[in-house]
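The values are calculated or read from the model by the stated rules, or taken from the named source; none is laboratory data. On a predicted model such as this, the values are computed, not experimentally measured, just so you know. Quick reminder, even Gly has a Cβ in these numbers, built from the backbone with ideal geometry, and neighbours come from all protein chains shown. To get the accessible areas, we keep the full protein, side chains included, count just its heavy atoms, and leave off ligands, DNA and RNA. Shrake-Rupley method; radii C 1.70, N 1.55, O 1.52, S 1.80 Å.
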Amino acid sequence: MLMNVFDESNITWRSLDWLDHIKYYVYLVDKDAGIVDVLFKFAAGQKVMLHRHKAPYVTFVVQGELRFFRPDGSLKETREPGSYVAGVANGEPHTEGAGEQDAIVFFSNRKVEDELYEFLDADMKPITTLGIADFQA
């Protein structure tokens, strides 16, 4: 099977110690316009922590599959390479992950006022957030 492979040789991936299975590269943070553009790399066969998007966003899948899971762990949706999907702020909490190959996905967060992501525990209680200042740093 021919896999869709993105040349990431010019990307300097970053990670957060507390957030497993994902790396990121920030392209743009424009606080005045409320835009944060980020490329995420989801580890093959893994999921990120339960979270909710706090700002509207658009995703474009560059490589692999981006899989969305409901809080109970059931598969909600799979996005193939080339898919472009808009999401709303404060939607259903979910986890995201990759299929058999690392997934590389461009996220353009729009109308960001402060928080982009709110991370939740198994009881759906907030643990921490990532905001525009975190991506500026």
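Quick notes on this one:
- Comparison of 32, 20 shows that the only residue that is out of contact with any Phe, Trp or Tyr (no Cβ under 8 Å at 6 or more places or on another chain), charged (D, E, K, R), part of a strand (DSSP E or B) and more than 13 Å from residue 105 (Cβ to Cβ) is 20.
- Filter result for residue 14 (modelled with pLDDT of 95 or more, open to solvent by 30 Å² or more (accessible area, probe 1.4 Å), under 23 Å from residue 137 (Cβ atoms) and more than 11 Å from the chain's Cα centre (by Cα)): yes
- Consider the stretch 99-119 and keep the residues that are out of contact with any Lys or Arg (no Cβ under 7 Å at 6 or more places or on another chain) and within 20 Å of residue 43 (Cβ to Cβ). The one that is most open to solvent (accessible area, probe 1.4 Å) is 100.
- Any hit, the stretch 4-16, residues being on the phi < 0 side of the Ramachandran plot, in a strand (DSSP E or B) and among the β-branched types (Val, Ile, Thr): no
- Condition check for residue 9: more than 22 Å from residue 128 (Cα to Cα) and not basic (Lys, Arg): yes
- Residue match in the stretch 27-44 (condition: open to solvent by 30 Å² or more (accessible area, probe 1.4 Å), without any contact (Cβ under 8 Å) to a residue 12 or more places away in the chain and hydrophobic (A, V, I, L, M, F, W, C)): yes
- Checking 55, 133 one by one, the residue that is open to solvent by 10 Å² or more (accessible area, probe 1.4 Å) and either outside any loop (DSSP other than H, G, I, E, B) or small (Gly, Ala, Ser) (or both) is 133 and no other.
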